[in-house]
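Just so you know, all these numbers are worked out from the coordinates, no wet-lab data involved. Since the model is a prediction, treat every value here as computed from it, not as a measurement. Heads up, the Cβs are rebuilt from the backbone with ideal geometry, glycines too, and the neighbour counts pull from every protein chain shown.
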Amino acid sequence: MTLAPPDLSKLKDAVQSGIWQCIQLYTEKSPKGATTNFGFAAYRHWANMLTNTRNTKSWARFFPAVPALWAALAGSGMSPGLLGWIHTWGLGDGMERGAYADFLDEAANLLKRPNLAAAAMFFRQSRQAWLELSYAAMPDDVSLCRETRELIIQQRRLFVDQGEVSLAERKAINARLKEIRSAIEKSFPLSSAQVLAMREQMSRIVMKIHDLEFEAIKTMQISMR
């Protein structure tokens, strides 16, 4: 909702400020909480916790039982889970990296800093890596995993495209997701070895995201000097 006409004379300064704030969130001390909660440090920490088996906060120790692991991946009433964060939170579809890339393209024109478009390219590649991470967590060759991912994505599309009209269909999706969760708790579709392989693959993809966004931020820093 716009309460007053925007002051376009402030737009360039606001865009520059936003870009520098993004850079700082990646590279400087976290604004709140542990240093491993933000930026590149968070990616490195997450990748380690996916494969580390000794740390009490590792995935192996923190999500030892089926219900906890499934909630971390597919979500629960308390959290959207990995799939929800990637596919439904905010603008959805890849942790909003595509939307941020669009912003950088516009900023490149507005600020006359064409190299920002190169940073946008890295964020678009990062978007694809985030989607790849969701597929690694919920592999296509496991039918209940594939169905869960597809239902979560479909549920968001119905809400965004149709709103209240789609309520009955979204309730049916919720009911089916509960059925799947119940089935998963009785018989998890992945063996211990497969869960380990899944976490290792996820760790590699998290570091791929780290590397792509490192290049994006480095390009942004150079462009803004």
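Using the Kirkwood radius over C-alpha pairs as Rh, can you work out the diffusion coefficient of the range 62-150 via Stokes-Einstein at 37 °C, viscosity 0.692 mPa s, in µm² per second?
Diffusion coefficient, whole number: 229 µm²/s.
Between helix 97-111 and the chain, what is the angle of the helix's C-alpha long axis to the longest principal axis, kept within 0 to 90° and rounded to the nearest 10?
Tilt of helix 97-111: around 0 degrees.
How big is the dipole moment of the chain about its Cα centre under a simple scheme where the beta carbon of each Lys and Arg is +1, that of each Asp and Glu is -1, and everything else is neutral? Debye, nearest 20, please.
Here the chain has a charge dipole of around 640 debye.
Full-extension gain between Ser76 and Asn37, please, as 0.36 nm times their residue separation minus the C-alpha to C-alpha distance.
Once the chain is fully extended between Ser76 and Asn37, it gains 11.9 nm.
Checking the cross-link filter: which aspartates and glutamates have an alpha carbon closer than 12 Å to that of Lys12, excluding same-chain neighbours under 8 positions apart?
Glu106
Extending each Cα 7 Å along its Cβ direction at Ala183 and Phe62, get the distance between those two points in nm, one decimal.
Here the answer is 2.9 nm between the modelled labels.
Between the range 106-171 and the range 35-53, what is the separation of their alpha carbon centroids in Å?
22 Å
Give me the net charge of Thr35's neighbourhood, meaning all other residues with Cβ under 12 Å from the Cβ of Thr35; Lys, Arg count +1, Asp, Glu -1.
+2
Summing +1 for each Lys or Arg and -1 for each Asp or Glu, what net charge is found among the other residues whose Cβ lies under 12 Å from the Cβ of Ile209?
+1
Please grab the % of Cα pairs in the range 151-217 that end up more than 16 Å from each other.
For the range 151-217, the fraction of Cα-Cα distances above 16 Å is 67 percent.
Let me make sure I get this right: for the range 128-176, a, b and c are the square roots of the gyration tensor eigenvalues over alpha carbons, sorted descending. Under 1.5 in a/c it's rounded, otherwise prolate if a/b > b/c, else oblate. Which is it?
oblate
Using Cα atoms only, what is the angle between the long axis of helix 192-224 and the major principal axis of the chain, expressed in degrees (0 to 90) to the nearest 10?
So the inclination is approximately 0 degrees.
On a 24 Å Cα-Cα criterion, which of the cross-link pairs Lys57/Lys171; Lys10/Lys32; Lys29/Lys218 come out too long?
Lys57/Lys171; Lys10/Lys32
Please give the helix 167-186 orientation as an angle from the longest Cα principal axis of the chain, in degrees from 0 to 90, rounded to the nearest 10.
Tilt of helix 167-186: around 60 degrees.
Taking N as the number of residues in the range 1-124, what value does Rg over Cα atoms divided by 2.2 N^0.38 Å take?
Dividing the Cα Rg of the range 1-124 by 2.2 N^0.38 Å gives 1.35.
Take the Cα gyration tensor of the chain, multiply each eigenvalue by 5, square-root it, and list the three semi-axes largest first, rounded to whole angstrom.
In descending order, the three semi-axes are 34, 24, 15 Å.
Across the Cα atoms of the range 95-195, what radius of gyration and what greatest pairwise Cα-Cα distance (Dmax) are found, in Å?
According to the Cα coordinates of the range 95-195, Rg and Dmax are 18.8, 58 Å.
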